[in-house]
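Below: the structure, in structure tokens.
Where a number appears in this text, it was derived from the coordinates with a stated rule and is not lab data. On a predicted model such as this, the values are computed, not experimentally measured, just so you know. Don't worry about glycine lacking a Cβ; one is built from the backbone with ideal geometry, like all the others, and counts go over all protein chains shown.
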Amino acid sequence: MVNKYARTLEEAGYAFAKDEKEHRAFVNHDKVAFCALLDFLNRGIEYQSAINAVVEQWAYSGVGDQVNGVLEEVRQAQERADQQLTEIAGLFRGWSCTASTNDFLGYSKLTMN
């Protein structure tokens with residue numbers, strides 16, 4: 001899905017940093033844009049409208065105070081999710097249990113073996 005989203009964002013005017021082989025190099029600013037896109041989609045916004053909104057909001061803003069503030073909020077949410085997963089995993093002592101957090105999307109899951 002990341003490639004699909006990145007391709008569509010580029011077609012709408014979003015620019016990713018690229019290496020000498022034209023591979024996208026995702027930076028924190030891009031992660032915030034992806035999170036914003038997922039948030040729009042999860043709220044039921046139509047795909048192309050969500051893409052356009054992300055491009056309008058993030059493509060030309062650069063990495064500034066606003067982005068750094070959002071990154072800090074995401075980091076804090078990640079820490080809370082990690083703590084909650086640790087607490088949940090403690091409830092299953094004796095079970096084969098792995099708690100993990102998806103770093104990119106910020107969504108948590110608990111896998112029971």
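Please give the contour-minus-distance gain from Ser49 to Glu87: 0.36 nm per residue of separation, less the Cα-Cα distance, rounded to one decimal in nm.
On the way: separation 38, 0.36 × 38 = 13.68 nm, distance 3.86 nm.
So the extension gain works out to 9.8 nm.
For labels at Ala25 and Glu79 in the simple 7 Å Cα→Cβ model, what's the distance in nm?
It is 2.9 nm.
Can you tell me the dipole magnitude for segment 1-63 around its Cα centre, using point charges on the Cβ only (Lys, Arg +1; Asp, Glu -1), in Debye to the nearest 20? Could the numbers behind the result be given before it?
Numbers: 7 positive and 9 negative charges, 31 e Å.
In total the dipole reaches around 140 debye.
According to the Kirkwood expression over distinct Cα-Cα pairs, how big is the hydrodynamic radius of segment 1-63, in Å? Please list the in-between numbers first.
Values: mean 1/r = 0.0851 Å⁻¹.
Value: 11.8 Å, from the Cα pair sum.
Ranking request for peptides 75-88, 28-41: highest mean number of other beta-carbon atoms within 10 Å first, then the rest in descending order.
Values: 75-88: 12.7, 28-41: 18.4.
Taking the mean over residues of other Cβ atoms within 10 Å, the ranking is 28-41, 75-88.
Tell me, what ³J(HN,Hα) does each residue in segment 19-28 have, in order and in whole Hz, if you take phi through Karplus 6.51 cos²θ - 1.76 cosθ + 1.60 with θ = phi - 60° and put x for Gly and Pro?
8, 5, 9, 6, 7, 5, 10, 6, 10, 3
Find, among the trypsin sites (Lys or Arg not before Pro) in segment 1-30, those assigned to loop by DSSP (not H, G, I, E, B) with at most 13 other beta-carbon atoms within 10 angstrom. The partial results should precede the final answer.
Details: sites: Lys4, Arg7, Lys18, Lys21, Arg24; in loops: Lys21.
Qualifying residues, ordered by number: Lys21.
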